[in-house]
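*Asks:* Here's a structure for you.
Every number in this text was worked out from the coordinates using simple rules, so none of it is lab data. Computed from a predicted structure; not experimentally measured. Virtual Cβ from ideal backbone geometry, glycine too; neighbours counted across all protein chains shown.
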Ligand SMILES: [Mn+2]
């Protein structure tokens, strides 16, 4: 990765002011010395390649660059072993200047551009350094800097795509290992152990806490205590990181036994139809992710009509969002150094200037809607869920009853959830599903 070139491009996109980019810091668990595994801030990593906590990059208005780090305390060596010197770290990132992180406050002024940190310790530090109350940080953060960072990080070059594909290759092995372990009588946590083993053996972090559940209808189910019963489905949504921290994000849904029941197979085919329609739409040059979302939801609606759970004019049904009863989330998001790439920069990532996220139920969870450009890596992950509480709430109001067969739906309320997800590269000619194919 050419980190110096990335910094030069950022300086060109954001020509005024001193640009400050902070690294992550350690997050304590029970007391300051007991910490969670360190995870670097993605933007700091993108522009420096460094995995150092408590550091900062400053790109001055005249183009000179400085890396702020704390010189290691000689006494620390007994706990940490030898660590690189500030000069060695700066050389790794091809940064000329070095300075002391503890004196960073002296170099922060009115013309310094920064992004509001998402880490609470860094919020407090920045508040102290700038003299601004924490609650005022958002309005002083530089949206222009955020947009410059988004513009660069959104377009993945060949080396970044190779990293994402290596993460997907490992994720494929994780999923195969997990699938082989699925068996009625085991716990979900048994499957988690099988899923993680290939990544742990490679010292690879997970891009996010994996979802391994027989209750796929709970969208972000992160508990693993259910026993797998015969007739269950197991939904696995996971991704490892690559060597340089790029993420995979793949979902598969498997039967607990050898095959799906007839009803599960019909619903699975409906989701697969939606996913293939979404992937096909990503291949249309100039499409938006909103259209990808709608293409998948249109296919899902048609399939659910065939099954007998929906009815009526498909376009009207789509516009009114009737499918959101079955798929209350968006079709996908950007993928890169974060699983939801750059989500800390808010809707500037997924929505073009002048456009806004819809407030309609379902579309309000669409993280990415803008026009897709060559170099974007995105996910396409439709699902179909039977969420009893949501069904009851809609049924009680006869909500969108022109499009939903509530009487028929009652028989499906215990069908739980299915999702299928792949990672897609947008190219100049169309799109490509990344990674070695993963059976679905
Ligand atoms: Mn995803």
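*Asks:* Quote the FRET efficiency, to the nearest 0.05, computed for residue 414 versus residue 315 with a Förster distance R0 of 22 Å and r equal to the Cβ-Cβ distance.
*Replies:* The formula returns an efficiency of 0.10 here.
*Asks:* Ok, one more. At 0.36 nm per residue, minus the direct Cα-Cα distance, what do residue 361 and residue 2 gain on full extension? Give it in nm, one decimal, please.
*Replies:* Gain on stretching residue 361 to residue 2: 125.0 nm.
*Asks:* For the pair residue 392 and residue 60, how long in nm is the line joining their label points, each one 7 Å along Cα→Cβ?
*Replies:* Output for this residue pair reads 6.5 nm.
*Asks:* In nm, to one decimal, how far is the modelled label at residue 120 from the one at residue 371, with both set 7 Å along Cα→Cβ?
*Replies:* Computed distance between label sites residue 120 and residue 371 equals 4.2 nm.
*Asks:* Between residue 265 and residue 348, how high is the FRET efficiency from 1/(1 + (r/R0)^6) when r is the Cβ-Cβ distance and R₀ = 41 Å? Nearest 0.05.
*Replies:* That gives a FRET efficiency of 0.50.
*Asks:* Convex hull volume of the Cα atoms in the range 3-154, per residue, in Å³?
*Replies:* On the way: hull volume 18.0 nm³, N = 152.
Taking the convex hull of the Cα positions in the range 3-154, it is 118 Å³ per residue.
*Asks:* Still on this structure, please answer the following. Got a sec? Which residues in the range 175-209 would a label at residue 225 touch, if it sits 7 Å along Cα→Cβ and we count backbone N under 19 Å?
*Replies:* Of the residues in the range 175-209, 185-193 have backbone N under 19 Å from the label point off residue 225.
*Asks:* Ok, one more. If we sort 50-62, 160-172 on the protection proxy, mean other Cβ atoms within 10 Å, highest first, what's the order?
*Replies:* Averaged packing, sorted descending, gives the order 160-172, 50-62.
*Asks:* Go ahead and run the numbers for FRET between residue 12 and residue 209, Cβ-Cβ distance against an R0 of 41 Å, rounding to 0.05. Before the final figure, lay out the partial values.
*Replies:* Numbers: r = 38 Å, r/R0 = 0.92.
In this case the efficiency is close to 0.65.
*Asks:* Starting from the Cα of residue 158, step 7 Å toward the Cβ, then list every residue of the range 1-43 with an amide N under 11 Å from that point.
*Replies:* Answer for the range 1-43: none.
*Asks:* Related question: Taking 8 Å as the Cα distance limit and 6 or more residues as the minimum spacing, I'd like the relative contact order of the chain as a percentage.
*Replies:* On the way: 830 pairs, mean separation 59.3, N = 440.
Reported relative contact order: 13 percent.
*Asks:* Then there is this: Taking the Kirkwood radius as the inverse of the mean 1/r across Cα pairs, report the Rg/Rh of the chain.
*Replies:* Working: Rg = 23.7 Å, Rh = 23.6 Å.
Ratio value, two decimals: 1.00.
*Asks:* Pairing the Cα long axis of helix 262-282 with the longest principal axis of the chain, what angle in degrees results, from 0 to 90 and rounded to the nearest 10?
*Replies:* For helix 262-282, the angle is close to 50 degrees.
*Asks:* So, one more: If packing is taken as the average count of other Cβ atoms within 10 Å, what order do 96-104, 381-389 fall into, highest mean first? Let's see the in-between values first.
*Replies:* Numbers: 96-104: 14.7, 381-389: 21.3.
In descending order of packing, they fall as 381-389, 96-104.
*Asks:* Roughly speaking, what is the stretch gain from residue 307 to residue 433, that is 0.36 nm per residue apart minus the C-alpha to C-alpha distance, in nm to one decimal?
*Replies:* Taking 0.36 nm per residue and subtracting the Cα distance, the gain is 42.5 nm.
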